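See below for the structure under consideration.
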Amino acid sequence: MRPSNRRKRLPADGQSMRNFNFHVDSGALSVTAQAVARYFGGSRYRMDPESCRRITAGIDQALELSAPTAVFGLHTVDKVTAPGQICLENGVTLDIPHCATDIHSGAMVLAAVVATLGIELEKTCRVLGSRGNIYRATLLDAAGTCMLESLDAVCRRRLQVEARRMGLHAGPRFAPGLNDCDLTRQATLFRLVDTDRIGVSLNASCIMEPVKSISMFTLLTPEASAGDTFNKCT
């Protein structure tokens, strides 16, 4: 008899099939003037005291305009259907990129996450640009990009907490549109999270709206992966 490739069931209290919101205090987002300056002026940009003051003020304004929040969808992995492919209990099949194929065969849960800074920062940048204040619009946009990176890290730390609650480990994240994870997988990701909870939608080109939003998948496994779970696919 061929061995089954179905996953063992998680206990009912593992709460492995659920959606939940995660509201983030904008003050918890770590954003430095140096990081914003790199996006704002390029890698060779050097701040003087006045530009540092302006960038710091821009960060403060961007934080005030943001409303960071996320929604998580945790789904039980039913079986491995092919090399580099898993099937969830709800019937959704997903191809796994190379950065996670070394752990996918033992995956118990697939986590899908969408997070956003909200629409107000984006609207403010648009208004400033339409009024010709390109400097201020670009500065706020750069601050928002750094805030998204910090929000990404906050969400991954929350995934680690959720994994530990189930006696599992969070593997590397992989996100639609990055490296070998095709952008079209965004449509699958949006089937696995209730993004209406946080006001994020997907357009016909698989681009999220508001634009200052992020998404990711992560596999939860019984064994810790060899790589750093904070790394992106490479």
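What 222 nm value per residue comes from the helices of the chain, counting each DSSP H run with n ≥ 4 as -39,500 (n - 2.57) and dividing by all residues, nearest 500 deg cm²/dmol?
Working: 5 runs with 76 residues, N = 234.
That comes out to -10500 deg cm²/dmol.
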- If a/c stays under 1.5 just call it rounded; otherwise compare a/b with b/c (prolate if a/b is bigger, oblate if not). Do that for the chain, with a ≥ b ≥ c from the square roots of the Cα gyration tensor eigenvalues. prolate
- Message: Please list, by residue number, every one of the trypsin sites (Lys or Arg not before Pro) in the range 128-234 that is coil in DSSP and has at most 16 other beta-carbon atoms within 10 Å.
- Response: Arg131, Lys232
- In whole angstrom, note down how far apart the Cα centers of the range 58-72 and the range 123-195 are. 12
- Note on the structure: The size of the Cβ-based charge dipole (Lys, Arg +1; Asp, Glu -1) of the chain about the Cα centre, to the nearest 20 debye, is 220
- For Asp78, which sequence-distant residues (separation of 5 or more, or a different chain) have an amide H within less than 5 Å of its own amide H, given hydrogens modelled in the peptide plane? Cys87, Leu88, Glu89
- Helix 120-130 versus the longest principal axis of the chain: what angle, 0 to 90°, nearest 10, using Cα atoms? 40
- Message: Tell me the angle of helix 134-165 to the major Cα principal axis of the chain, expressed in degrees between 0 and 90 and rounded to the nearest ten.
- Response: 30
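Values quoted throughout were computed directly from the atomic coordinates according to the rules given, and no laboratory measurement underlies them. Owing to the predicted nature of the structure, the values given are computational and were not obtained by experimental measurement. Glycine gets a Cβ as well: all are built from the backbone with ideal geometry, and neighbour counts include every protein chain shown.
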